[in-house]
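What follows is a short report on a single structure.
The values are calculated or read from the model by the stated rules, or taken from the named source; none is laboratory data. The shown structure was predicted, so the numbers you read here are calculated from the model rather than taken from an experiment. Heads up, the Cβs are rebuilt from the backbone with ideal geometry, glycines too, and the neighbour counts pull from every protein chain shown.
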Amino acid sequence: MADKRTKFVLDESRIPRAWYNIAADLPTPPAPVLHPGTHQPVGPADFAPLFPMALIGQEVSTEREIEIPGPVREAYALYRPSPLYRAHRLEAALQTPAHIYYKYEGVSPAGSHKPNTAIAQAYYNKAEGVKRLATETGAGQWGTALAFAGALFGLEVKVYMVRASYDQKPYRRVIMEVYGAEVVASPSLTTDYGRRVLAADPDSPGSLGIAITEAVEDTVKRDDTRYSLGSVLNHVLLHQTVIGQEAIEQMAMAGERPDVIIGCTGGGSNFAGLTFPFLGQKLRGEADYRVIAVEPEAAPSLTRGVYAYDFGDTGQMTPLVKMFTLGHDFVPDPIHAGGLRYHGMSPLVSQLKAEGVIEARAVHQRATFEAGVTFARAEGILPAPEPTHAIKVAIDEAIAAREAGRAKVILFNLCGHGHFDLSAYERYLTGRLEDYEYPAEKVQAALAGLPQV
């Protein structure tokens with residue numbers, strides 16, 4: 001029997017004590033990571049210039065549980081466990097028999113789910129004597145989270161922010177600087193690669209692939225610096241699984257089990273954070289769920305990309321990983337969901353899609369903002385542009401339940417608030433918001449440049 005409450009809250013003693021590692025339950029082992037030069041499987045020494053050894057160990061671990069260090073759990077207590085909400089008012093607005101739940105990660109100091117891994121990465125780097133972190137960010141949620149974590153652990157942080165988002169979201173830059181980070185627009189004049197990109201295209205909007213190259217170049221040129229990534233890699237997705245572990249317990253409090261679980265996907269971090277603990281149950285035969293990854297039509301790697309080895313960055317400095325990709329040279333259109341403007345997808349999420357464990361859908365920008373406004377007017381929370389993609393599909397599923405006259409339990413991840421995205425909402429409300437189509441020719445050109453592995 002479903003609980004009629006609106007909010008399901010856990011005491012901070014219920015913060016998970018271990019991260020869940022889905023690699024332990026995959027039906028087939030993950031494909032090996034390859035060296036960008038030799039195309040041979042990499043070892044720990046190849047990652048050492050970029051990451052501390054503790055994170056390298058987590059990247060390749062197949063242990064089902066990895067203990068969360070005490071200082072990380074203490075920092076998590078600033079905002080975890082995050083609340084689970086039953087969207088009663090949205091259900092009424094949609095006149096649906098579906099029960100809609102959302103896990104709200106916008107309660108963190110940075111306003112999104114990103115501190116779940118930023119805090120962990122800052123802790124492990126500090127423990128190994130690192131003084132400075134370099135990173136990239138799209139919409140700024142990851143950069144904000146790492147700047148916050150750097151302040152917690154006394155680390156310098158340099159952020160290469162994708163130019164399109166740097167221009168669209170100036171207050172994201174400001175909050176990063178308040179936390180103490182140095183922020184530059186990417187492509188920038190502070191790296192060799194950035195200067196090459198600007199020489200070829202002075203008006204480049206940038207991309208996450210370009211910004212990653214700049215951050216990696218920055219890292220390898222300094223002995224005191226390590227690289228920090230907010231998505232894609234196994235250890236990053238691992239740290240986010242506190243979301244789903246809490247959600248499993250909170251759904252039990254509500255007296256329900258989800259039929260459909262939905263998350264937006266750019267590189268895969270918030271999607272994995274919510275869904276991987278549930279998918280672990282599915283893979284172990286303990287439960288069954290439909291799980292849907294939602295991406296933008298302007299950067300549809302899961303729905304339109306190819307499953308192949310590719311570079312994670314445009315400058316071809318990162319190792320090769322097997323993923324759904326649109327090609328490392330692909331530069332997405334400047335959609336406002338900057339966190340989803342990436343050419344590839346997490347290898348773990350990609351493998352789950354390739355093996356038919358999860359579904360994927362692509363949605364257009366204006367439709368996502370329409371869903372975001374509908375949600376805000378019903379529930380009162382203004383969502384960031386990224387989770388509006390999940391909201392759009394959650395609404396679609398709820399309407400389908402209404403038309404079928406069948407109850408359904410829907411769970412999605414509201415991975416961040418939209419307080420710094422008001423200019424995008426203004427464009428939508430005034431009818432000036434762009435609606436980018438799938439850029440077939442750009443993708444075909446980029447895919448022609450995939451490495452031959």
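So the values come out like this:
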{"quantity": "Residue tally, condition part of a helix (DSSP H, G or I) and under 9 Å from P16 (Cβ atoms), over region 236-248", "calculated": "3"}
{"quantity": "Number of the exception - V130 against (1) buried (at least 24 other Cβ atoms within 10 Å of the Cβ); (2) β-branched (V, I, T); (3) closer than 27 Å to G57 by Cα", "calculated": "(1)"}
{"quantity": "Flag for Q365 being modelled with pLDDT of 95 or more, over 30 Å from E256 (Cβ atoms) and polar (S, T, N, Q)", "calculated": "yes"}
{"quantity": "Residue identified as surrounded by 24 or more Cβ atoms within 10 Å (Cβ to Cβ), over 18 Å from the mean Cα position of the chain (by Cα) and modelled with pLDDT of 95 or more among I100, I119", "calculated": "I100"}
{"quantity": "Number of positions in region 287-305 that are in a loop (DSSP other than H, G, I, E, B), more than 12 Å from K353 (Cβ to Cβ) and either over 17 Å from the mean Cα position of the chain (by Cα) or of a type in the set (F, W, Y) (or both)", "calculated": "3"}
{"quantity": "Single condition A139 does not satisfy, out of (1) surrounded by fewer than 24 Cβ atoms within 10 Å (Cβ to Cβ); (2) touching a residue at least 60 places away in the same chain (Cβ under 8 Å)", "calculated": "(1)"}
{"quantity": "Filter pass, V232 being touching a residue at least 24 places away in the same chain (Cβ under 8 Å) and on the phi > 0 side of the Ramachandran plot", "calculated": "yes"}
{"quantity": "Boolean, G338 is small (G, A, S) and over 24 Å from A23 (Cβ atoms)", "calculated": "yes"}
{"quantity": "Looking only at region 417-433, and only at residues there that are out of contact with any Leu (no Cβ under 7 Å at 6 or more places or on another chain), of a type outside the set (A, V, I, L, M) and at pLDDT 95 or above, the one that is nearest to G106 (Cα to Cα)", "calculated": "Y425"}
{"quantity": "Qualifying residues in region 226-247 (those that are in contact with a Ser or Thr (Cβ under 7 Å, 6 or more places away or on another chain) and small (G, A, S)) - the one surrounded by the most Cβ atoms within 10 Å (Cβ to Cβ)", "calculated": "S228"}
{"quantity": "Number of positions in region 167-186 that are assigned to a loop (DSSP other than H, G, I, E, B), under 22 Å from the mean Cα position of the chain (by Cα) and modelled with pLDDT of 95 or more", "calculated": "2"}
{"quantity": "Filtered residues of region 418-448 (kept if touching a Pro at 6+ places or on another chain (Cβ under 7 Å), closer than 19 Å to G138 by Cβ and either assigned to a helix (DSSP H, G or I) or not acidic (D, E) (or both))", "calculated": "G418, A424"}
{"quantity": "A24, sole failed condition from (1) in contact with a helix residue (DSSP H, G or I) (Cβ under 7 Å, 6 or more places away or on another chain); (2) of a type in the set (A, V, I, L, M, F, W, C); (3) modelled with pLDDT of 95 or more", "calculated": "(1)"}
{"quantity": "Residue within region 149-162 that is buried (at least 24 other Cβ atoms within 10 Å of the Cβ), part of a helix (DSSP H, G or I) and either of a type outside the set (A, V, I, L, M, F, W, C) or free of Cβ contacts under 8 Å to residues at least 12 places away in the same chain (or both) present", "calculated": "yes"}
{"quantity": "Residue within region 248-265 that is buried (at least 24 other Cβ atoms within 10 Å of the Cβ) and touching a Gly at 6+ places or on another chain (Cβ under 6 Å) present", "calculated": "no"}
{"quantity": "Qualifying position, being surrounded by 14 or more Cβ atoms within 10 Å (Cβ to Cβ) and farther than 24 Å from D333 by Cα, among K408, K442", "calculated": "K408"}
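Quick grid of which residues meet (1) buried (at least 18 other Cβ atoms within 10 Å of the Cβ); (2) among the hydrophobic types (A, V, I, L, M, F, W, C); (3) in contact with a Ser or Thr (Cβ under 7 Å, 6 or more places away or on another chain); (4) farther than 15 Å from T28 by Cβ:
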| residue | (1), (2), (3), (4) |
| --- | --- |
| L352 | yes, yes, no, no |
| A360 | yes, yes, yes, yes |
| Q365 | yes, no, no, yes |
| F369 | yes, yes, yes, yes |
| T374 | no, no, no, yes |
| P383 | yes, no, no, yes |
| E386 | yes, no, no, yes |
| I391 | yes, yes, no, yes |
